[in-house]
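The values are calculated or read from the model by the stated rules, or taken from the named source; none is laboratory data. Just so you know, these numbers come straight off a predicted model, no measurement behind them. Here the Cβ positions follow ideal geometry from the backbone for every residue, glycine too, while neighbour counts run over all protein chains shown.
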Amino acid sequence: MAVVTYIEHNGTEHRVDVAEGNSVMQGAIDNMIEGIVAECGGGLACATCHCYVDEAWLDKLEPASEMEGQMLEFSACETKPTSRLSCQITVSGELDGLVVHLPEAQF
């Protein structure tokens, strides 16, 4: 397990245990965290699991794939240098303590 902190747009924080091997998106869904819609269920076919990775964690993640970058272009919210699709971030022990910020809306 790794602890992931999800910070909603309004500042509400949720610190939850996410099983290693699960995605950051799945951790949000399993814990009913507002702000991750995940319409495609993690199939890299939408951008409704958009999140902003805390800058301190960016270098610990695998780079976004070309397909992920293309999907982020369709995001309903502002895309930033820290933007990622949470379905593409696989939780591992190395990500224990990961912090992600959620956008105001996914639509």
Original post:
Quick check: is even one residue across the stretch 62-79 outside any loop (DSSP other than H, G, I, E, B), out of contact with any His (no Cβ under 8 Å at 6 or more places or on another chain) and within 18 Å of E104 (Cβ to Cβ)?
Top reply: no
Original post:
Could we say that I29 is touching a Gly at 6+ places or on another chain (Cβ under 9 Å), part of a loop (DSSP other than H, G, I, E, B) and at pLDDT 95 or above here?
Top reply: no
**OP:** Report the residue count in the stretch 47-81 for those that are at pLDDT 95 or above, aliphatic (A, V, I, L, M) and out of contact with any strand residue (DSSP E or B) (no Cβ under 7 Å at 6 or more places or on another chain).
**Re:** 3
**OP:** Starting from the stretch 45-70, keep only residues that are charged (D, E, K, R), then list their pairs with residues that are in a helix (DSSP H, G or I) whose Cβ atoms are within a distance under 8 Å, requiring at least 6 positions of separation or different chains.
**Re:** K60/E94; K60/L95; E68/Q88
Original post:
Quick one: is V100 surrounded by 13 or more Cβ atoms within 10 Å (Cβ to Cβ), in a strand (DSSP E or B), out of contact with any Gly (no Cβ under 8 Å at 6 or more places or on another chain) and not charged (D, E, K, R)?
Top reply: yes
Original post:
Within the stretch 74-91, can you find the residues that are crowded, with 19+ Cβ neighbours inside 10 Å and under 14 Å from V18 (Cα atoms)?
Top reply: S86, C87, I89, V91
Original post:
Looking only at the stretch 1-26, which residues are closer than 17 Å to A105 by Cβ and either in a loop (DSSP other than H, G, I, E, B) or in contact with a Pro (Cβ under 8 Å, 6 or more places away or on another chain) (or both)?
Top reply: E8, H9, N10, G11, T12
Original post:
Mind checking which pairs have a first residue in the stretch 93-107 that is aromatic (F, W, Y) and a second that is modelled with pLDDT of 95 or more, Cβ under 8 Å, 6 or more apart or different chains?
Top reply: F107/T48
Original post:
In the stretch 34-44, what residues are touching a residue at least 60 places away in the same chain (Cβ under 8 Å) and either buried (at least 19 other Cβ atoms within 10 Å of the Cβ) or under 14 Å from L95 (Cα atoms) (or both)?
Top reply: G35, I36
